[in-house]
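Below: the structure, in structure tokens.
The values are calculated or read from the model by the stated rules, or taken from the named source; none is laboratory data. All values derive from a computational prediction rather than experimental measurement. Here the Cβ is made from the backbone with ideal geometry for all residues, glycine too, and neighbour counts use every protein chain on show. Each accessible area value is taken on the protein alone, full model and side chains, heavy atoms only, with ligands, DNA and RNA left out. Shrake-Rupley method; radii C 1.70, N 1.55, O 1.52, S 1.80 Å.
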Amino acid sequence: KIEMLTPTEDASRGCIVGFRLKNMDYNAFGKLAGKNNFRIRLVPEAGLNSIRISTHIFNSYEEIDRFLELIKKI
């Protein structure tokens, strides 16, 4: 359901994560995320059409878990 764009191996881990949802348009997800009080970045450049989140800025574990729950509902 999710296509990870950010490398997942340990050596490349970071606090910014890029991904695509295979069953929902990224613009539609952007609107849904906004309605649920999440600030994300939509990345249309170069036809990437993806979603980027920054987990390191002003986020608690609970907020990240809440975001993951939103994705699971889709």
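Hey, any hits in the range 4-20 for a residue that's touching a residue at least 60 places away in the same chain (Cβ under 8 Å) and open to solvent by 50 Å² or more (accessible area, probe 1.4 Å)? No: zero hits.
Restricting the range 34-45 to residues that are open to solvent by less than 50 Å² (accessible area, probe 1.4 Å) and out of contact with any helix residue (DSSP H, G or I) (no Cβ under 7 Å at 6 or more places or on another chain), the residue that is nearest to ILE16 (Cα to Cα) is VAL43.
Results for (1) free of Cβ contacts under 8 Å to residues at least 12 places away in the same chain; (2) at positive phi; (3) among the small types (Gly, Ala, Ser); (4) open to solvent by 90 Å² or more (accessible area, probe 1.4 Å), shown as yes or no for each residue.
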position	(1), (2), (3), (4)
GLY30	no, no, yes, no
GLY47	yes, yes, yes, no
THR55	no, no, no, no
GLU62	yes, no, no, yes
LYS72	yes, no, no, yes
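Of the residues making up the range 49-72, just one is assigned to a loop (DSSP other than H, G, I, E, B) and at pLDDT 95 or above, namely ASN49.
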